[in-house]
Amino acid sequence: MAPAGASDGRGTSAACDGTSGGPHRRELLGAPAVPASGTAAAVTYLGSERGTRARIARLILENGPVTAAGLSTRLGLTPAAVRRHLDNLLAGGLIEVRTARRVASRGRGRPAKLFAITDAGRSAFEHAYDDLATGALRFLAEAAGPEAVAEFARRQRPVMESAGDDKVAALAEALSADGYAASATSAPAMATGGGEQLCQHHCPVAHVAAEFPQLCEAETEAFARLLGTPVQRLATIAHGDGICTTHVTAPALVHTRTMTTTTSQPGGTGA
């Protein structure tokens, strides 16, 4: 049973309030909202990683801002052909135009246009990686069974290099390094026993975890093992919630419960 008052009805928790899903969460991650049509188009013709347009987008992603002439040379295409693909990528919001700094010695003249990837463009490639990962896990499940997927998931969890006394904060730092934008906060005062909440504001594998819940289950098990105390998952992005929220039981409360159970057993000092 979830700690009382932990959920606020929006798939998050009071301790994580103000960082729920939608455009607000994208702003938290430094990514401006993009039109749905642009993102849909990105997944359609970049998600498959096929075709000249996808090759152009990947070159821009991997090499940074580049000119149309530079792309033309790399791909062996005419400038006109490259510009047609660039126009389509621009229309979909997947790339943007930047102006190159003019070198003083070059004198006057129109500054060169540089084409750079946008957040929507990066997301398109992330979806492509999601599709690949999902396909690989489907094959693993068919070939070796669901338990093989669970075992794979158990081996993917973060490792805390230096936990110290504040293990939850250390785990949040490790998760953030892996792209989960995590934070640790005190649990709502009304929650039984207090404790802490681990909030993950982003999930790089959300699309995959939606089909393979073993990833979330293994992550929860790993949290309990790393922190040395019971944890409870209250919400997940993979299930449509705005934030992945995990309640971490206060170690002192676990100790108290253990002592109470021991003393109440036959032969104990309790009544």
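Just to be sure before I move on: is H202 at pLDDT 90 or above and either assigned to a loop (DSSP other than H, G, I, E, B) or open to solvent by less than 50 Å² (accessible area, probe 1.4 Å) (or both) in the structure I sent?
no
A224 passes all but one of (1) out of contact with any Pro (no Cβ under 7 Å at 6 or more places or on another chain); (2) small (G, A, S); (3) modelled with pLDDT of 85 or more; (4) open to solvent by 20 Å² or more (accessible area, probe 1.4 Å); which number fails?
(1) is the only condition that A224 fails.
Okay, residues lined up against (1) open to solvent by less than 60 Å² (accessible area, probe 1.4 Å); (2) modelled with pLDDT of 85 or more; (3) within 30 Å of E217 (Cβ to Cβ):
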residue	(1), (2), (3)
G76	no, yes, no
E96	no, yes, no
R106	no, no, no
I117	yes, yes, no
S123	yes, no, yes
D131	no, no, yes
L140	yes, yes, yes
A150	yes, yes, yes
A153	yes, yes, yes
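Among the residues of region 219-246, how many are more than 15 Å from L171 (Cα to Cα) and either of a type in the set (V, I, T) or outside any strand (DSSP E or B) (or both)?
Matching residues across region 219-246 total 8.
The values are calculated or read from the model by the stated rules, or taken from the named source; none is laboratory data. What you see is a predicted model, and the numbers here were worked out from it, not measured in a lab. Counting neighbours? That spans all protein chains shown, and the Cβs are built from the backbone with ideal geometry, glycine included. The protein model used for the area step is the full one, side chains on, heavy atoms only, and it has no ligands, DNA or RNA in it. Shrake-Rupley method; radii C 1.70, N 1.55, O 1.52, S 1.80 Å.
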